[in-house]
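First comes the structure, then the notes that go with it.
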Amino acid sequence: MTALDVLFKLDQLGCQVFLEGENIRVIPPEGVTLTDDLRQAIRENKAEIISLLRKLEQARVERLLKEKGWITVYSEVLGETVIWCKDERVVIPTRWKDAVRYTLAELRELTRQSMSEEDLRLLHAAKKNFNGTLETVK
């Protein structure tokens, strides 16, 4: 059974499948039990399943950003939900008015730099407290 076969089978069973760090989390619907063979197939294809799930998530994020212009993302490092948006002109619903917003340009800049989690938390706190923006480093 390939990784794609495993994901297809889990989908047919109605399971929720997602990543928790480097682990695959499978939540079957009530009344559904995963067989030992299916559990073994998940273990045997773990690396490829993780890769496929990351690609699917990236495609989902790109689609939502294109359609809505923004998405909410919960950051375990920051311990809160932030908004990713195409640019500063995107209108965010009022229920998210207190969430810190990161534009795609800011996210690109953050990924160019190697920051520790502590540095990221400090930068985020400054952005949050001063309603700031990140400038591109030349």
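The values are calculated or read from the model by the stated rules, or taken from the named source; none is laboratory data. Since the structure is predicted, the reported quantities are computational estimates derived from the model, not experimental observations. Cβ coordinates were reconstructed from backbone atoms using ideal geometry, including for glycine residues, and neighbour counts include every protein chain displayed.
Does the stretch 15-26 contain at least one residue that is outside any loop (DSSP other than H, G, I, E, B), of a type outside the set (Phe, Trp, Tyr) and under 13 Å from the mean Cα position of the chain (by Cα)?
Yes; the residues of the stretch 15-26 include at least one that is outside any loop (DSSP other than H, G, I, E, B), of a type outside the set (Phe, Trp, Tyr) and under 13 Å from the mean Cα position of the chain (by Cα).
Tell me whether the stretch 31-44 contains one or more residues that are of a type in the set (Asp, Glu), surrounded by 11 or more Cβ atoms within 10 Å (Cβ to Cβ) and out of contact with any Asp or Glu (no Cβ under 7 Å at 6 or more places or on another chain).
Yes: one or more hits.
In the stretch 90-109, what residues are assigned to a helix (DSSP H, G or I) and under 14 Å from Ser75 (Cα atoms)?
Leu107 - this is the single residue of the stretch 90-109 that is assigned to a helix (DSSP H, G or I) and under 14 Å from Ser75 (Cα atoms).
Taking the stretch 40-81 only, how many residues are in contact (Cβ under 8 Å) with a residue 24 or more places away in the chain and β-branched (Val, Ile, Thr)?
Residues that pass the stated criteria total 5.
Name the residues in the stretch 110-132 that are of a type in the set (A, V, I, L, M), assigned to a helix (DSSP H, G or I) and under 24 Å from Glu62 (Cβ atoms), would you?
Leu110, Leu120
Condition test on Val73, is it assigned to a strand (DSSP E or B) and closer than 30 Å to Ile42 by Cα?
It is true that Val73 is assigned to a strand (DSSP E or B) and closer than 30 Å to Ile42 by Cα.
Among the residues in the stretch 107-125, are any among the acidic types (Asp, Glu), at pLDDT 90 or above and under 30 Å from Asp5 (Cβ atoms)?
No, the stretch 107-125 has no match at all.
Within the stretch 91-105, does at least one residue satisfy the condition of being under 12 Å from the mean Cα position of the chain (by Cα) and not assigned by TED's automatic domain parsing to the domain that holds Phe18?
There is no residue in the stretch 91-105 that is under 12 Å from the mean Cα position of the chain (by Cα) and not assigned by TED's automatic domain parsing to the domain that holds Phe18.
Just give me the residues in the stretch 16-33 being in contact with a Leu (Cβ under 8 Å, 6 or more places away or on another chain) and either over 22 Å from Gln58 (Cα atoms) or in contact (Cβ under 8 Å) with a residue 12 or more places away in the chain (or both), in sequence order.
Once the filter is applied, which keeps residues that are in contact with a Leu (Cβ under 8 Å, 6 or more places away or on another chain) and either over 22 Å from Gln58 (Cα atoms) or in contact (Cβ under 8 Å) with a residue 12 or more places away in the chain (or both), the stretch 16-33 yields Val17, Phe18, Leu19, Ile24, Val26, Pro28, Pro29, Val32.
Just to be sure before I move on: is Trp84 outside the structural domain of Asn23 (by TED's automatic domain parsing), of a type in the set (Phe, Trp, Tyr) and over 16 Å from the mean Cα position of the chain (by Cα) in the structure I sent?
no
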